[in-house]
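The values are calculated or read from the model by the stated rules, or taken from the named source; none is laboratory data. In this text the structure is predicted, and so the values were computed from the model without any measurement. Virtual Cβ from ideal backbone geometry, glycine too; neighbours counted across all protein chains shown.
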Amino acid sequence: MKRYNLSKIMKEAHQIKKYMKLYSLTHGVKNWADCLKLAWVNEKKRVSNEEAKNAEKETMKVSLAEPARRSAYTNNSKGRFGSHYVGD
């Protein structure tokens with residue numbers, strides 16, 4: 001089970017409450033419960049984005065750790081007139 005920073009969520013809920021007029025127009029916030037719900041939604045979205053970013057970093061590390069695939073050309077491959085294949 002994930003651990004959330006409850007202090008951060010409560011601070012965000014208080015910020016939403018402070019600017020309730022703005023949030024009531026954009027998010028439909030009308031009371032304290034709506035402020036808490038919106039703060040929880042924001043925190044869960046932040047955590048899921050962070051997890052996705054970490055997963056993407058891990059896949060990048062794995063793909064960079066793998067050696068590059070060799071092409072079909074060897075060091076002895078020569079083209080017309082003795083030219084050597086340089087690579088892509």
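Screening region 60-76 for residues that are at pLDDT below 65 and surrounded by 10 or more Cβ atoms within 10 Å (Cβ to Cβ) and picking the one that is nearest to the chain's Cα centre (by Cα) gives SER71. If the condition is being surrounded by fewer than 11 Cβ atoms within 10 Å (Cβ to Cβ) and of a type in the set (A, V, I, L, M, F, W, C), then region 7-59 contributes LEU25, ALA33, ALA52, ALA55. Can you go through LYS37, LYS30 and tell me which one is touching a helix residue (DSSP H, G or I) at 6+ places or on another chain (Cβ under 7 Å), at pLDDT 85 or above and basic (Lys, Arg)? Every option except LYS30 fails the conditions.
Taking first residues from region 36-56 that are under 27 Å from LYS18 (Cα atoms) and partners that are of a type in the set (Lys, Arg), the Cβ contacts under 8 Å between residues at least 6 apart in sequence or on separate chains come to GLU43/LYS8; VAL47/LYS2. So which residues in region 15-56 are small (Gly, Ala, Ser) and either under 24 Å from ARG3 (Cβ atoms) or assigned to a helix (DSSP H, G or I) (or both)? Within region 15-56, SER24, ALA33, ALA39, SER48, ALA52, ALA55 meet the criteria.
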